[in-house]
1. Answer yes or no as to whether Lys39 is touching a strand residue (DSSP E or B) at 6+ places or on another chain (Cβ under 9 Å), outside the structural domain of Arg172 (by TED's automatic domain parsing) and modelled with pLDDT under 85.
2. Of all residues being polar (S, T, N, Q) and in contact (Cβ under 8 Å) with a residue 24 or more places away in the chain in the stretch 131-169, which is farthest from Val185 (Cα to Cα)? Just the residue, please.
3. Residues that are under 21 Å from Asn100 (Cα atoms): find the strands (runs of 3 or more DSSP E) completely inside the stretch 110-218 holding 2 or more of those.
4. How many residues are closer than 14 Å to Tyr14 by Cβ, assigned to a helix (DSSP H, G or I) and under 27 Å from the mean Cα position of the chain (by Cα) if we restrict to the stretch 26-76?
5. Restricting the stretch 107-143 to residues that are of a type in the set (S, T, N, Q) and at pLDDT below 95, which is farthest from Thr162 (Cα to Cα)?
Amino acid sequence: MMKSVNLKGKGNQYYLEINSNSDFAQSLNEINELLQKLKKNAPLQSEPIPIIIDSQNRLLTTQQWGQIKSIIAQFPLFTLQQTVSNVWSRKQVKQLVEKNFLNIETKVIRSGKIAEYQGNLLLLGDVHKNAIVRATGDIYIGCNVEGIIHAGFPDFNDAIITGNINHASQIRISDLIQIVADLEVEQLTDSSLFYINDLHVITHDQIINLNKIKPRRKITLD
């Protein structure tokens with residue numbers, strides 16, 4: 001009979017892979033048996049051994065994850081470091097769509113208005129002075145901006161702003177603010193790129209260098 005749980009060691013941690021087609025009750029029994037054997041054969045040490053649970057192509061319920069955690073909690077020698085899966089919940093899919101959705105705004109954002117967007121934003125409508133545009137993701141500017149542009153609102157440090165901001169009053173990324181008047185305006189072009197560097201400072205570059213600055217930008221889910 002095929003095992004429902006496979007154990008793999010990598011470095012100083014273990015991976016417990018739960019077969020997607022196995023009976024879950026059987027998987028729980030095998031997890032308990034495997035941990036018993038590991039406990040018996042493991043050398044004495046003060047630091048708990050990390051365990052990563054991989055449910056593969058099965059999306060476990062909160063109750064099922066709780067049952068696994070309860071078993072591991074019975075063995076002080078081990079600590080549950082992470083749970084991974086090849087499938088996403090509806091909540092995670094919603095997060096992915098919202099974070100990577102591209103909004104296209106062609107309307108004018110008038111003075112005193114605050115326009116907010118979930119995801120990335122292609123800004124084609126002018127932004128008047130004293131108006132604020134916020135997006136949780138990146139902002140790509142293809143219009144005249146005189147107000148405030150805020151990408152990565154409120155705290156997404158990996159967001160970027162691209163485009164010509166030479167008439168804007170401020171740009172903001174995450175929790176940082178840059179006064180445009182303090183920049184060298186003659187260097188601001190349609191190809192300008194703004195991002196937060198490793199020192200947590202808004203930095204100006206060119207969009208052609210994006211792949212070097214932020215290689216393989218990944219999608220992350222909470």
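The values are calculated or read from the model by the stated rules, or taken from the named source; none is laboratory data. Fair warning: this is a prediction, and the values are worked out from it, not measured in the lab. For neighbour counting, all protein chains shown are included, and Cβ atoms are generated from backbone atoms with ideal geometry for every residue, glycine included.
1. yes
2. So, considering only residues that are polar (S, T, N, Q) and in contact (Cβ under 8 Å) with a residue 24 or more places away in the chain, the one farthest from Val185 (Cα to Cα) is Thr136.
3. So the answer is 114-117, 120-123, 132-135, 139-141, 148-151, 170-173, 192-196.
4. Result for the stretch 26-76: 1.
5. Taking the candidates together, the pick is Gln118.
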